[in-house]
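Below: one structure, written as structure tokens.
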């Protein structure tokens with residue numbers, strides 16, 4: 001076998017399985033790191049190849065900060081030709097301080113932002129390799145992710 005001398009082994013990616021059960025806990029760690037109100041909590045509803053993140057007790061300014069940190073919604077806003085404020089109106093209820101991300105792509109971005117913020121690594125969720133217990137992600141081999149099953 002002839003291996004190119006230019007091959008950079010530090011750029012090789014790995015596919016790993018992460019537990020859905022860890023996402024709620026990891027989101028609470030992210031909220032703490034972003035110095036959000038301590039009463040904020042996230043719920044994750046899941047079924048085969050689908051999941052929905054709902055965030056309870058979040059202030060509007062905290063939601064905006066979360067959206068900015070994770071770059072959530074940008075593609076949906078551009079695709080649908082709506083404003084950032086319109087997008088917030090769609091996903092956030094000021095009456096009960098609840099945010100629900102209806103778009104699967106936004107949920108994936110939340111999890112990607114979560115791992116980037118907490119573990120300083122980029123991940124990509126592989127939708128076809130998700131089941132009720134685990135989701136598969138591609139990470140760089142250098143990544144330091146501790147909650148891997």
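The values are calculated or read from the model by the stated rules, or taken from the named source; none is laboratory data. Fair warning: this is a prediction, and the values are worked out from it, not measured in the lab. Glycine also receives a Cβ, built like all others from the backbone with ideal geometry; neighbour counts cover every protein chain displayed.
Per-structure values
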quantity: Odd one out for residue 112, checked against (1) out of contact with any helix residue (DSSP H, G or I) (no Cβ under 7 Å at 6 or more places or on another chain); (2) loosely packed, with under 13 Cβ neighbours inside 10 Å; (3) in contact (Cβ under 8 Å) with a residue 12 or more places away in the chain; calculated: (2)
quantity: Within region 94-148, tally of residues that are outside any strand (DSSP E or B), at pLDDT 75 or above, more than 14 Å from the chain's Cα centre (by Cα) and on the phi < 0 side of the Ramachandran plot; calculated: 9
quantity: Filter result for residue 32 (surrounded by fewer than 18 Cβ atoms within 10 Å (Cβ to Cβ) and either in contact with a strand residue (DSSP E or B) (Cβ under 7 Å, 6 or more places away or on another chain) or modelled with pLDDT under 85 (or both)); calculated: no
quantity: Residue in region 63-73 that is outside any helix (DSSP H, G or I) and at pLDDT 90 or above present; calculated: no
quantity: Conditions (1) at pLDDT 85 or above; (2) part of a strand (DSSP E or B); (3) buried (at least 17 other Cβ atoms within 10 Å of the Cβ): number failed by residue 54; calculated: (3)
